Amino acid sequence: MKTIRTSVFETNSSSMHSISFANDDPKVTVDKIYVSANGEYGWDIHDFTAPDEKLDYATVAFMHIARSAVKSELEEDFIDYIDEKLQNVVDCFAKHGVIVEFAEDMYKVTSKRYDTAFYIQVAISGYIDHQSAPYEDRDSAQVARWFAEDPEELFKFVFNSSYIHTDNDNH
């Protein structure tokens with residue numbers, strides 16, 4: 001079951017991630033963010049409100065959908081795509097006085113072919129639980145799309161009162 005309310009997107013599964021998209025103006029509270037993309041966004045009950053937490057979540061979400069965005073089977077093409085999108089985020093945040101540094105692991109990519117299927121793997125340890133993962137046809141993919149397509153909206157999300165709530169249905 002999915003309920004959509006104004007400014008709130010929700011999904012329900014064993015793990016549940018609700019993302020509240022606020023409309024208030026961003027307030028820059030830090031001048032540097034290091035993104036390791038190693039956050040584990042699963043069943044824990046937690047509110048992610050800090051800029052570094054929200055950007056890490058968005059980065060892990062982006063890396064999840066990036067695999068399907070690149071149609072080439074060449075690792076170099078995938079690395080070029082990731083590099084372009086990361087640089088767009090770096091440049092956007094820099095315009096607002098915020099330095100963003102991404103972990104080097106984000107540029108380590110391997111590809112494998114099994115029979116007729118082709119798989120890309122990125123060397124990040126972060127994950128979003130499979131039932132809350134940002135598949136492109138879900139509303140929860142919005143932060144990943146902003147990362148890939150509209151870094152200015154991502155900046156607003158990271159620095160305004162928007163937040164991510166993770167939970168589960170086992171209580």
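Here are some conditions: (1) in a loop (DSSP other than H, G, I, E, B); (2) out of contact with any Lys or Arg (no Cβ under 7 Å at 6 or more places or on another chain); (3) under 30 Å from ASN168 (Cα atoms); (4) not polar (S, T, N, Q). VAL60 meets all but one. Which one does it not meet?
All conditions pass for VAL60, except number (1).
Within the stretch 53-68, restricting attention to residues that are surrounded by 15 or more Cβ atoms within 10 Å (Cβ to Cβ) and among the small types (Gly, Ala, Ser), which residue is modelled with the lowest pLDDT?
ALA66
Hey, does the stretch 40-52 have a residue that's surrounded by 13 or more Cβ atoms within 10 Å (Cβ to Cβ), assigned to a helix (DSSP H, G or I) and touching a residue at least 12 places away in the same chain (Cβ under 8 Å)? Please lay out each step first, then the result.
Within the stretch 40-52, the first condition is being surrounded by 13 or more Cβ atoms within 10 Å (Cβ to Cβ), and the residues that meet it are 40-43, 46-52.
Among the residues that remain, those that are also assigned to a helix (DSSP H, G or I) are: 51-52.
Going one step further and asking which of them are touching a residue at least 12 places away in the same chain (Cβ under 8 Å), we end up with 51-52.
Yes, because at least one residue in the stretch 40-52 is surrounded by 13 or more Cβ atoms within 10 Å (Cβ to Cβ), assigned to a helix (DSSP H, G or I) and touching a residue at least 12 places away in the same chain (Cβ under 8 Å).
Before we move on, is ASP91 acidic (Asp, Glu), more than 16 Å from the chain's Cα centre (by Cα) and in a helix (DSSP H, G or I)?
On the way: acidic (Asp, Glu): yes; more than 16 Å from the chain's Cα centre (by Cα): yes; in a helix (DSSP H, G or I): yes.
Judged against the criteria, ASP91 is a match.
Out of (1) surrounded by 15 or more Cβ atoms within 10 Å (Cβ to Cβ); (2) modelled with pLDDT of 85 or more, what's the single condition that is false for ASP91?
Looking at each condition in turn, ASP91 falls short on (1).
Within the stretch 65-87, count every residue that is in a helix (DSSP H, G or I) and of a type in the set (S, T, N, Q).
Let us first name the residues in the stretch 65-87 that are in a helix (DSSP H, G or I), namely 65-69, 75-87.
Within this subset, residues satisfying the condition of being of a type in the set (S, T, N, Q) are 68, 87.
The number of residues fulfilling the criteria is 2.
Can you tell me which residue within the stretch 15-52, out of those that are at pLDDT below 90 and among the small types (Gly, Ala, Ser), is farthest from LEU86 (Cα to Cα)?
Residues of the stretch 15-52 that are at pLDDT below 90, as a first pass: 15-22, 36-46.
Keeping just the survivors that are among the small types (Gly, Ala, Ser) gives 15, 18, 20, 22, 36-37, 39, 42.
Numbers: SER15: 28, SER18: 25, SER20: 24, ALA22: 24, SER36: 13, ALA37: 12, GLY39: 17, GLY42: 24 Å.
Selected residue: SER15.
Pairs only if they're at least six apart or on different chains, beta carbon under 6 angstrom, first in the stretch 64-77 and farther than 16 Å from TYR114 by Cα and acidic (Asp, Glu), second at pLDDT 75 or above and surrounded by 15 or more Cβ atoms within 10 Å (Cβ to Cβ); list them, first residue then second.
Note: pairs meeting the criteria are ASP77/VAL70.
The values are calculated or read from the model by the stated rules, or taken from the named source; none is laboratory data. Everything numeric in this text was worked out from a predicted model, so none of it was measured. Positions of Cβ are backbone-derived with ideal geometry, glycine not excepted, and every protein chain shown enters the neighbour counts.
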